[in-house]
Amino acid sequence: MSLPTPYYHDEAAGITIYCGDCRKILPSLEMEGVDLAFFDPPYGLGIASWDQHFDAEDVAQLCLSRLTPTGSLYATCSPHILPEMIRILQPRRIIAWGKPNLPLRKNLNEWEWSTEFILWRTASDAFVFNKPYGESARDYWRIPVENGFLNPDGGYHPARKPMALLRRIITASSSPSQTILDPFMGSGTTLRVAKDFGRRCIGIEIEERYCEVAAKRLQQSVLPLGEAA
């Protein structure tokens with residue numbers, strides 16, 4: 001498969017969006033090494049092949065193969081798929097992400113609904129990178145979710161991650177001008193934070209409506225670092 005024309009490209013900022021299936025785009029993507037990959041597959045959204053995780057391993061391996069020798073991969077998962085994701089990624093560290101302000105669902109127990117996990121690993125077992133939590137030596141992060149599913153700068157997505165979570169990951173494990181990859185970019189939070197902090201970023205999203213939201217978010221001015229942090 002030849003690489004599709006980018007849905008959005010900002011050459012000055014080094015930000016590119018591809019609209020399509022990451023399983024088809026990643027093998028054709030010609031790029032220099034990735035310094036950070038954020039792996040957030042669409043579990044729990046009613047997409048059968050993903051909810052059953054038949055393809056997560058292939059995409060995870062494609063992302064790992066793109067990492068530089070000092071690169072890191074962060075993967076999110078809910079408690080019910082944690083054992084499978086551990087098998088796939090063999091992480092160096094498992095971080096519990098607590099959501100202190102999340103409203104409870106009656107049909108789920110409190111702990112499961114208010115907790116996700118972040119699996120962190122490096123490109124090489126022989127290489128130990130900076131701790132994934134930066135200066136904080138904790139494996140439990142309390143990061144509130146933003147109310148509802150509407151991004152603070154516009155756009156609905158049923159599984160969006162808060163900007164504060166991506167800020168913490170991106171600033172802990174990448175430096176300005178380095179490259180970030182998000183194969184399930186959704187409405188573009190990873191790309192928005194990457195742009196705010198001077199990182200290059202490639203995002204892939206299968207649904208065009210979310211590519212449109214992400215492109216609009218990226219066209220806004222870069223936030224001053226004092227506001228972005």
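Of all residues in the range 1-34, those that are among the acidic types (Asp, Glu), surrounded by 14 or more Cβ atoms within 10 Å (Cβ to Cβ) and modelled with pLDDT of 95 or more total 1. Restricting the range 164-188 to residues that are out of contact with any strand residue (DSSP E or B) (no Cβ under 8 Å at 6 or more places or on another chain) and closer than 16 Å to Gly198 by Cβ, the residue that is surrounded by the fewest Cβ atoms within 10 Å (Cβ to Cβ) is Pro176. Screening Pro42 against (1) under 17 Å from Cys201 (Cβ atoms); (2) under 15 Å from the mean Cα position of the chain (by Cα) leaves a single unmet condition, (1).
Residues in the range 72-81 that are part of a helix (DSSP H, G or I) and of a type outside the set (Val, Ile, Thr) were compared, and the one that is surrounded by the most Cβ atoms within 10 Å (Cβ to Cβ) is Pro79.
Being touching a strand residue (DSSP E or B) at 6+ places or on another chain (Cβ under 9 Å) and hydroxyl-bearing (Ser, Thr, Tyr) is the filter here; which residues of the range 58-95 pass it? Scanning the range 58-95 gives Thr68, Thr70, Ser72, Tyr74, Thr76, Ser78.
Looking only at residues of the range 45-70 that are over 17 Å from Gly203 (Cα atoms) and part of a strand (DSSP E or B), we find that the one that is modelled with the highest pLDDT is Thr68.
The values are calculated or read from the model by the stated rules, or taken from the named source; none is laboratory data. On a predicted model such as this, the values are computed, not experimentally measured, just so you know. Note that we place each Cβ from the backbone using ideal geometry, even for glycine, and neighbour counts take in every protein chain shown.
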